[in-house]
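S.K.: The structure under discussion is supplied below as structure tokens; questions concerning it will follow.
Every number in this text was worked out from the coordinates using simple rules, so none of it is lab data. Not measured: the values here are computed from a predicted model. Heads up, the Cβs are rebuilt from the backbone with ideal geometry, glycines too, and the neighbour counts pull from every protein chain shown.
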Amino acid sequence: MAVVALLYGIICAASLCGCGTNGAAPPASPSTAAVIEGKPQPPPPYPSLPTGRIVFWNYTYSTPPNQLYTMNADGSNRTQITTGGGAFPDWSPDGQWICYYSRYAAGDAKQSIWVVPATGDGDVSQVKQITNGPSVGKSDFRPVWSPDGTKIAFMRGTTSSNYHICIIAMPDDPSTIPAAEPLESTVPVVELTGDGGGGDPAWSPDSQYIVFGSSGPHLDLGVVAAGGGSPRTIGHSGLHPSWSVDNVLVFGYYDRPYTVPVLPDGTLNGTPTGLTARADRLEANWCGTNWVLCHEEVFPKKGNPTLNMYAAAVPSGTFYPMGSGSDPIWTSVP
């Protein structure tokens with residue numbers, strides 16, 4: 001459990017730095033994807049990905065804070081979506097909304113789940129608060145929208161280093177959520193895992209199961225039914241899983257992403273295969289069924305780390321740079 005606490009402590013601390021605290025400006029990345037004034041830069045040309053859009057966030061220790069951006073799958077039309085800070089986004093199934101977590105209220109150290117229209121029109125009145133972070137040091141984190149659009153799963157910190165997997169039901173039209181109070185004030189949050197329940201939730205294609213990483217002291221991948229029941233491990237360690245429409249998991253394990261077939265209930269149905277030997281490209285998300293999107297942390301000898309995005313072909317594992325940013329998430333909606 002100490003390893004889990006250390007991993008999530010680092011992630012949360014880095015995210016807090018980017019959501020409203022001051023710090024040194026990030027150094028230029030050694031790759032072609034430099035961060036300039038905290039704004040993500042365009043990528044060099046890369047192979048054609050499936051048609052759609054990508055949402056991601058810029059990772060910076062400087063002011064202004066981390067913000068969400070969208071772009072076309074070919075890297076064009078980069079658009080800033082948030083103005084109040086945000087990180088770890090995910091699309092609604094119809095591509096009209098983006099959920100994310102943020103320390104949105106000025107001076108509020110709690111981190112909560114929010115949704116924002118994907119149009120990028122900058123209308124703050126349309127930003128809706130979904131959860132109310134329990135307290136300082138007990139944040140809500142890493143939201144993911146169910147494929148059927150009815151729920152959002154997320155991590156809830158019960159201490160600064162212990163997370164449970166929770167879900168909250170979503171209305172058909174998020175714009176109907178009152179602006180004056182979070183959705184959680186009228187819709188209950190359902191806890192699916194107890195202490196040691198881990199994090200990084202990802203939905204099965206049928207919205208019936210949630211796989212998650214970092215469960216227990218050995219970083220075991222786990223799965224739990226969205227309707228409730230006892231969580232179980234699936235027989236392999238890993239972080240930040242993503243579940244494809246054809247029932248293949250991609251997840252981070254030590255120094256690279258791995259893929260493995262699973263049954264519809266999350267049971268392993270094959271042997272994990274590493275995509276690349278290169279280190280630090282751990283957090284991968286499916287882009288169709290033949291590509292995964294991921295980011296790489298670059299740690300210079302001096303200064304703060306930077307994050308660069310990549311597209312990886314499956315199964316060859318060939319990586320192509322996509323520009324600066326973190327946690328790229330694809331939707332097929334153009």
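S.K.: 5 Å is the cut-off here: which amide hydrogens, built 1.01 Å from N in the peptide plane, fall below it relative to Ile177, excluding neighbours closer than 5 in sequence?
M.R.: So Ile177 has HN proximity to no qualifying residue.
S.K.: Using the Karplus curve 6.51 cos²θ - 1.76 cosθ + 1.60 with θ = phi - 60°, work out ³J(HN,Hα) for each residue of region 71-88 in order, rounded to whole Hz, and write x for Gly and Pro.
M.R.: My calculation for region 71-88 gives 7, 5, 5, 8, x, 7, 6, 6, 10, 6, 9, 10, 10, x, x, x, 7, 6 Hz in order.
S.K.: Going by amide H atoms built from the backbone, whose H comes under 5 Å of the H on Trp97, apart from near neighbours?
M.R.: Here the answer is Ser92, Ala118, since their amide H atoms fall under 5 Å of that of Trp97.
S.K.: Excluding Pro231 itself, what net charge comes from residues whose Cβ is under 14 Å from its Cβ, given Lys and Arg +1 and Asp and Glu -1?
M.R.: -4
S.K.: Can you run phi through the Karplus equation (6.51, -1.76, 1.60; θ = phi - 60°) for region 171-186 and list ³J(HN,Hα) in whole Hz, with x for Gly and Pro?
M.R.: In residue order, the calculated couplings are x, 4, 10, x, 5, 7, 5, x, 6, 7, 8, x, 4, 4, 5, 10 Hz.
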